[in-house]
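Below is one structure, written out as structure tokens; comments come after it.
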Amino acid sequence: MTPSDEAIAAALMDMAHRRGRGKTFCPSDTARALAADWRPLMPDVRRVAGRLQQEGSLQASQRGRPVDPQSASGPIRLSLP
């Protein structure tokens, strides 16, 4: 069963707050926390991370530069803004 967007958002924000300001985490850490078979969740996790970024709750970066989590190719990091 796929987690709801609300469950994914809550997990992303929980992970961000546990890491704290100035620290980043990989979206796959959140997907792994939500499901044993986490790889299929990655598009949903990135989509919800994009929504949270638009709302100003999360920030996505790649090699230290801001990116859109949905369109970025390759690994990204998430953090509190």
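The values are calculated or read from the model by the stated rules, or taken from the named source; none is laboratory data. Keep in mind that this is a model prediction, so the values were computed, not measured. Every residue, glycine among them, receives a Cβ derived from its backbone with ideal geometry; neighbour counts consider all protein chains shown.
Things worth noting here:
- Residue in the range 28-47 that is closer than 15 Å to Pro81 by Cα and modelled with pLDDT of 95 or more present: no
- Taken together, the residues in the range 16-27 that are assigned to a helix (DSSP H, G or I), more than 16 Å from Thr2 (Cβ to Cβ) and without any contact (Cβ under 8 Å) to a residue 60 or more places away in the chain amount to 1.
- Extreme residue, farthest from the chain's Cα centre (by Cα), among residues of the range 57-76 that are under 15 Å from Asp14 (Cα atoms) and of a type outside the set (A, V, I, L, M, F, W, C): Ser57
- Of the listed requirements (1) acidic (Asp, Glu); (2) surrounded by 15 or more Cβ atoms within 10 Å (Cβ to Cβ); (3) more than 13 Å from the chain's Cα centre (by Cα), Asp37 misses just one: (2).
- Taken together, Leu41, Leu78 contain a single residue that is among the hydrophobic types (A, V, I, L, M, F, W, C) and assigned to a helix (DSSP H, G or I), which is Leu41.
- For the range 55-71, a residue qualifies if it is surrounded by 11 or more Cβ atoms within 10 Å (Cβ to Cβ), without any contact (Cβ under 8 Å) to a residue 24 or more places away in the chain and either out of contact with any Asp or Glu (no Cβ under 8 Å at 6 or more places or on another chain) or not aliphatic (A, V, I, L, M) (or both), and the qualifying residues are Gln59, Gln62, Pro66, Val67, Asp68.
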